[in-house]
Amino acid sequence: TTIMNAYNELAAEGLIEGHVGRGTVVKRTYFQAFEDEEAFVDDSPSWLFGLSSMDDLSEGPQARVLSDIASMGERENIISLASATPPPDMLPAELIQSIMSQRLAEGRQSALGYCPVEGLQSLRRALASHMRKRGVPVDFQHILVLSGSTQGIGLIGRFLLHPGDEVVVEVPTYLGAIQTFRALGARIIGIPVDKDGMRVDLLEAMLARRKPRLIYVLPTFQNPTGVVMSLERRKRLLALARRYQVPILEDDPYGEIYFENDVPQPLKALDTRGHVLYLSTCSKILAPGLRVAWLAAAEPLIEMLSLHKQVFDLNTNALGQWLVSEMLRQNVLSKHLETARALYHHKRDLMLDAIKRYWPVPVRIHVPDGGFHLWCHLPGCIRARALLRESIQEQVTFVLGEPFHVDGGGHQHIRLSFASASEDEIVEGIRRIGLAMQRILAR
Ligand code: PMP
């Protein structure tokens, strides 16, 4: 049993692979191939050898999580409760099709040409008006269209940070941001999150001693915890940003996916001094494949960041921008969002019910009022890694808590997404995780 457990552990970490009839072999990773002289001489150009910044990115608990989640989505027979993407029936394919056939011929110049680095003027205007409806008084000059909010985190990081600079993040926080800040050589300081969001009191104590260059927060339906930062903490956070002159990057992909009527406005809505750089994306409200996101910030910053953006991708995919702009113009986004909110609300409840029904042990879960995830704190008798290993045997996956942590924590947490799996898959996936738990408890 010990040997089998060791094999399972190595396989779960991707270090070995078994083939029926051939036995178990150590897996060659991409980088190992370069260390093998024969492979190196035979087929790898020498400049690929020892690329140090890539080596940094290949290490740490965050290293391959996002790419693995994305490729898992393409595998059949696996139920993925890992992926934070809308399900196929919420991807607006028919809408896109009808906009394309009605309007593409007239709009071909904006849809299929190059466009201004800052984004299509029509889209910037539509996004500014969309933001104003959410209480953020901006105009089109304050909007920079981006190829995903991932690009936004990277651009802002590259613009503000030098290697060795400090960045404050919540613990836990979005793992993609941790990866970006690490890749830029920043030192990351974690401030814990509780049911009311970031512990701003601890941030205040920290700011009295250190001078970070950036504070990265997810105030609304935080990823992974789903919590919303209280109004009192939002105000205090803004006061601190002002007192210590530190910009805040507000990442808000889930703010419009709420299940109750008590809808929080973005932090940016309270920002009268331009300390908040607001980031949101079409990835969760429409489709991640569009690769359209936006930043709302002070005009001089938009101008400077667009020079950076120009260097790296010239402009965001014009077809995607044109489609989003048309959807906003035809006012179909609000209808789409209504349907999406009702669906995700229902799926959240379905997942919670299935957990109650099928899991043999009590698990602490923050019930989120919006977003895509349940953040689960497992009891001491079940380690998250062991549960993932057993769950993969049952053909179901989720994300471990560790990669969301910068303090080495998260071993007892898992993140389950109720967004992308079908209703049947949610119930079946939870049932199978319950079986995996039972096997662990029986040992
Ligand atoms: N920020 C957060 C908090 C996210 O959850 C995600 C996607 N999971 C992103 C940014 C990246 O989104 P995009 O597709 O816009 O790059």
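Can you pull the percent of Cα pairs in region 357-422 with separation above 19 Å?
Cα-Cα pairs of region 357-422 separated by over 19 Å account for 32 percent.
Taking the radius of gyration and the Kirkwood hydrodynamic radius from Cα positions alone, what is the Rg/Rh ratio for region 244-285, to two decimal places?
Value, to two decimals: 1.02.
For region 196-303, give the share of DSSP beta bridges that are antiparallel, in percent and rounded to the nearest 5; count only bridges with both residues there.
35 percent
Looking at the calculated P(r) for region 67-149, what percent of the C-alpha pair distances fall above 16 Å?
In whole percent, the share of Cα-Cα pairs in region 67-149 beyond 16 Å is 70.
Fewest Cβ neighbours within 10 Å first, please rank Ile257, Ile96 accordingly.
So the residues, fewest neighbours to most, are Ile96, Ile257.
Cut-off is 10 Å between beta-carbons; in what order do Tyr244, Tyr278 appear when sorted fewest neighbours first?
Final ranking by Cβ density, sparse to dense: Tyr244, Tyr278.
Pulled fully out, how much extra length does the chain show between Arg439 and Ile78, if you take 0.36 nm times their separation in residues and subtract their Cα-Cα distance?
Answer, rounded to one decimal: 128.0 nm.
If you restrict to DSSP beta bridges whose two residues both lie in region 75-198, what percentage is antiparallel, to the nearest 5?
Of the beta bridges lying entirely in region 75-198, close to 25 percent run antiparallel.
Within 10 Å of each residue's Cβ, count the other Cβ atoms and sort His336, His411 from fewest upward.
His411, His336
Between Gln393 and Asp349, 0.36 nm times their residue separation minus their Cα-Cα distance comes to what?
Contour length minus Cα-Cα distance gives 13.3 nm.
Enumerate lysine pairs in the chain that are 8 or more residues apart or on different chains, then count those whose Cα atoms are under 16 Å apart.
For the chain, qualifying lysine pairs total 6.
Counting only the backbone N, which residues of region 400-443 are under 20 Å from the spot 7 Å out from the Cα of Arg357 toward its beta-carbon?
Correct set: 416-439.
What relative contact order, as a whole-number percentage, does the chain give when Cα pairs under 8 Å and 6 or more residues apart are counted?
Once normalised by length, the contact order is 20 percent.
Based on the Cβ-Cβ distance of Met304 and Arg187, what FRET efficiency does E = 1/(1 + (r/R0)^6) give at R0 = 30 Å, to the nearest 0.05?
0.80
Using the Kirkwood formula over every pair of different C-alpha atoms, what hydrodynamic radius in Å results for region 84-213?
Mean inverse Cα-Cα distance, inverted, gives 18.3 Å.
So what's the angle, to the nearest 10 degrees on a 0 to 90 scale, between helix 149-160 and the longest Cα principal axis of the chain?
70 degrees
With the chain treated as a Gaussian network of Cα nodes joined by springs under 10 Å, which of Ala318, Ala177, Ala205 yields the largest mean-square fluctuation?
With Cα springs under 10 Å in the chain, the top fluctuation among Ala318, Ala177, Ala205 is at Ala205.
Mind ordering 380-390, 220-230 by average Cβ neighbours within 10 Å, highest first?
220-230, 380-390
How long, wide and thick is the chain, going by the Cα atoms along their three principal axes, in whole angstroms, largest first?
Principal-axis extents of the chain (Cα, largest first): 64, 58, 57 Å.
Using label points projected 7 Å from each Cα along Cα→Cβ, tell me how many nm separate Thr1 and Leu337, to one decimal.
Result: 5.3 nm between the two label points.
Against the longest principal axis of the chain, how steep is helix 318-329, in degrees 0 to 90 to the nearest 10, with axes from Cα atoms?
Taking the Cα atoms of the chain, the angle to 318-329 is about 70 degrees.
In the Gaussian network model of the chain, springs joining C-alpha atoms below 10 Å, which of Phe372, Phe181, Phe404 carries the largest mean-square fluctuation?
Ranking Phe372, Phe181, Phe404 by mean-square fluctuation puts Phe181 first.
On alpha-carbon atoms, Rg over Rh for region 232-327 using Kirkwood Rh?
Radius of gyration over Kirkwood radius for region 232-327 works out to 1.01.
DSSP beta bridges in the chain, what fraction antiparallel, as a percent rounded to 5?
60 percent
Just check region 330-443 against the gyration tensor rule for me: Cα atoms, a ≥ b ≥ c as the square roots of the eigenvalues, rounded for a/c under 1.5, and otherwise prolate or oblate depending on whether a/b exceeds b/c.
prolate
So how tilted is helix 2-12 from the main axis of the chain? Cα-based, degrees 0 to 90, rounded to 10.
Approximately 20 degrees, to the nearest 10.
Which of these, Tyr114, Tyr216, Tyr254, has the largest mean-square fluctuation under a Gaussian network model of the chain (Cα springs below 10 Å)?
Tyr114
Which value at 222 nm does the chain reach when only helices count, each DSSP H run of 4 or more adding -39,500 (n - 2.57), with the total divided by all residues and rounded to the nearest 500 deg cm²/dmol?
Counting only the DSSP helices, I get -13500 deg cm²/dmol.
Laboratory data are not the source of any read-out in this text; all were calculated from the coordinates shown. The shown structure was predicted, so the numbers you read here are calculated from the model rather than taken from an experiment. In this analysis, Cβ positions are derived from the backbone assuming ideal geometry, glycine residues included, and neighbour counts consider all displayed protein chains.
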